[in-house]
Amino acid sequence: MKIAAIVTCLRRRSHAHVVLENFLEPYLFNGRKIQPDCQVVSMYADQLPPKRGMAREVAKRYGIRMYPTIAQALRHGARRLNVDAVLLIGEHGTYRRNRLGQKRYPRKRFFDEIVAVMRASGRTVPIFNDKHLSYRWDWAREMYDTSCELGIPFMAGSSVTLAQRRPPLELPSGAKIAEAVAVHGGPVESYDFHAMELLQSFVESRAGGETGVVSVEYLEGNRLLKGDWSPSLAHAALAAELGRAPKSLNQIPGEPKVPARGAIIRYADGFKATMLTVGQNDMRWSFACRLQGERRPRATNLYVGPWDNRNLFKALCHAIQHHFRTGRAPYPVERTLLSTGLTQALMQARQQPGIPVQTPHLEFPYKARSFRAMREMGATWDIITEDIPEPRGMDSFCG
């Protein structure tokens, strides 16, 4: 299977780096050594940083042909589409921000140029789009609608949803969830998206199925702590990570004191959830919920493995390769579409804290499906341990 990689830039620890290494070298998934059954044959890099760039070095080492345009990378020396799948990695690089503070990554432009080649060639192949679809909702919706119109097998989204859950947490399909909270400790927007999709990956299978979202409200500091949600769920989520709940959500032991911030999300079926940023820790990903009829919350921390968040991408790449082989994403792309809209709505709500942003465009249903087979369950961390140094280049360590 021939793969084209379309990236914004390839430098150390960029998403292009930590995704491609699991296509170019064997990787570990649930403790098993997996040999990629596909070959990256072509690459387009939108930016080539002169100092930290790796694109030319990686291309030379692995026999990947670099092209000056996306169309040429997809045609790979032919007159028509000449690859079997496309990696669209539009994260990292030097791009301006819009008035809401969102980085204007060119994912929509990349997608459009990829689709143009498919249209001209009269056939489609699977696409994976890293992270959210676009910083603009109308573009994100257009990408989704185009994939449906042309029958493009389309997968997108976050690496965090596939991380090991510690302690293990499995919600039964059709669970009656009274309320839920997802917590992260990273920067605005880029990590907010991860937490939104983390939240969706749990709550989308609740009783009645996903119905979509009617409003998003932003709060921070003491106004957040007094808001219409259950801080006890945040304490339970953080206890799963830290071993005990912090005294205050505005102060995590050992971290700078920063006001907690969050989004209260109201769904079309009356369900309510909260996405929170607490403390300063890029590796903080936790979830808690309360089921109807239960007093004690159910909570877990999503463990990223050694080397900060780098090893999150092993399970994600395993899922992408499954998508490329089968033409079927292991979880619905509608999850990412909704999480994309939630992230933009949050950025809009930040402009007027305490005033809900109405989101009629996010009132769409979708059906969840089990993606347990694609999740890391922890056996990999018996092999890659915290005392093993992180490789600087492409990771070829498999124990």
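Values in this text are rule-based calculations from the coordinates and carry no lab data. The structure presented is a predicted model; accordingly, all values stated were derived computationally and were not measured. Cβ sites come from the backbone with ideal geometry, for glycine too, and all protein chains shown count toward neighbours.
Dividing the summed -39500 (n - 2.57) terms of all DSSP H runs of n ≥ 4 by the residue count of the chain sets its mean residue ellipticity at 222 nm at -9000 deg cm²/dmol.
Computed from the C-beta positions of Arg119 and Gln39 and an R0 of 30 Å, the FRET efficiency is 0.75 to the nearest 0.05.
Among the listed pairs Lys226/Lys272; Lys60/Lys103; Lys131/Lys257; Lys176/Lys272; Lys226/Lys257, give every one whose C-alpha distance is greater than 23 Å. Result: Lys60/Lys103; Lys131/Lys257 exceed 23 Å. For the range 87-196, applying the loop criterion from DSSP together with a ceiling of 14 other beta carbons within 10 Å to the GluC sites (Glu not before Pro) yields Glu170.
Modelled label positions at Arg369 and Leu48, each set 7 Å beyond Cα in the direction of Cβ, lie 4.1 nm from each other. Quick one: if the Förster radius is 30 Å, what FRET efficiency do Asp282 and Ala78 give, using the C-beta to C-beta distance and rounding to 0.05? E(calc), rounded to 0.05, equals 0.10. Rounded to the nearest 0.05, the FRET efficiency derived from the C-beta distance between Leu150 and Lys2 at R0 = 22 Å is 0.65. Checking every one of the trypsin sites (Lys or Arg not before Pro) in the range 180-282 against DSSP loop status and a limit of 11 other Cβ atoms within 10 Å picks out Lys226, Arg244, Lys247, Lys257. Taking a straight line from the alpha carbon of Lys247, these aspartates and glutamates sit under 15 Å away, with near neighbours fewer than eight places off in the same chain left out: Glu255.
The range 158-222 and the range 324-399 have Cα centres separated by 10 Å.
Our Cα-only numbers for the range 162-303 put the radius of gyration and Dmax at 13.9, 41 Å. Take the Cα of Thr94, step 7 Å toward its Cβ, do the same at Arg61, and the gap between the two points is 2.4 nm. When you restrict to C-alpha pairs under 8 Å that are six or more residues apart and normalise by the size of the range 92-142, the relative contact order lands at 35 percent.
Averaged over residues, the count of other Cβ atoms within 10 Å places the peptides 227-233, 331-337 in the sequence 331-337, 227-233, highest first.
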